[in-house]
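What follows is one structure encoded as structure tokens, with my remarks underneath.
The values are calculated or read from the model by the stated rules, or taken from the named source; none is laboratory data. This one's a predicted model, so the numbers in the text were calculated from it and none came from an experiment. Surface accessibility is based on the protein's heavy atoms, side chains included, excluding ligands, DNA and RNA. Shrake-Rupley method; radii C 1.70, N 1.55, O 1.52, S 1.80 Å.
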Amino acid sequence: MAERKAAVKAAAEPDFLQFNDLACEGVGGKVIFATDEWFAPASNLLKKEQPQFIASAFTDFGKWMDGWETRRKRIPGHDWCIIELGVPGLIYGFDVDTSFFTGNHSPHVSIQVAASGNHGNIAVFCFGCQLGSEAWPELVSVSELKPGYSDCCHNYFKVNFNHRVTHVRLNMYPDGGIARLRVYGIGQRDWSSVSNQDVDLVALTNGGVCLGYSDAHFGHPRNMIGLGRADNMADGWETARRLDRPKKLKVDQQGILQVPGWEWAVFRLSRPGVIIRIEVDTNHFKGNFPDSCRIEACTLTPDEEAQCIRTKWSSGKWQVLLPPQKLRPHHRHHYSEADLTLSCPVTHVRLIIAPDGGVSRLRLWGRPTKTMAAQTGQHMPASRL
């Protein structure tokens, strides 16, 4: 029988989990140095998938573990590794996940960061053991880690650091194992080279971020703004089936189901801009795609955004950007400027699906505006719904 998650546990999760994982291998994150990888490589820290445990799996070096595990240290010092973020940006929090490391987890950890635009030089110095990363700013001081049992494996650390980070140093004291490191934040792109060209204003690599949603039972909405096309259904946004669906379904003249409820997800654009093209991709969602979607947009100041977050987006100045559209399974839906009803700059969008289902990717192509201040970094962190 499936175990139902306790509401108390969900409520205790920190707000920053709604942001993007800037270190994930799926967005280009990589480990460029590690002091020791005897039992399991540090690159496992950045896997997109959740950790797994295989009781019968062993290697020539010992028990196979889905994480980073060093040998039992018998010399002075402690173990550490350097991670190059796939998407440089502002960091709001970390999840140091010790899943399945129950007798071999690292008892303590600290985290330092670097803000550098020269990734190549950092890598060269690192392999030459002359990096000097021990002097980097410390975002997480030496802290105790809990073992990898399901009820305590996620060790959350909220941080406040208003600088663009490119690299992370993870310190283990003195040795042991960690399954995953999630670095939650908002990407910050260098926009100085962007002029008179269309960009995906909601992409996580450009600084787009999810700020709220109605339901994420099977997959988080932030997946929709990831790189490339989705690997599978887990790499998209999928909701539970709504329980208010009519017992017998009917459609209107456009063939769109007439249902009383819908699901939604709100995103802040990387920059204010005029949206001219949209892609809604239901890749992999073949028996669970939404019947229809529509997209709304608005322009919010940082104070207005903060108020919307506090009220869980129950209010807003939404205008229709894309009228209701019938969707197809496992299909890329493209909408041109002629399909859209707004031609003014906007800062936020709301994707609405009816009645429920899954969407793998959302692309909002447009032109960043120079007359409005960039929004990235000027807003408060989002509240989890």
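Here segment 215-364 is treated as a Stokes sphere of Kirkwood radius computed over C-alpha pairs; at 4 °C and 1.567 mPa s its diffusion coefficient rounds to 82 µm²/s. For the chain, list log₁₀ I(q)/I(0) at each q in 0.06, 0.08, 0.12 Å⁻¹, using the Debye formula over Cα point scatterers of equal strength and ignoring solvent, two decimals each. Summing over Cα pairs of the chain leads to -0.25, -0.45, -0.96. Counting only heavy atoms of the protein chains and using a 1.4 Å probe, ARG350 has close to 40 Å² of accessible surface.
Solvent-accessible surface of protein heavy atoms, probed at 1.4 angstrom with all chains present, puts PHE39, PHE53 in the order PHE53, PHE39, largest first.
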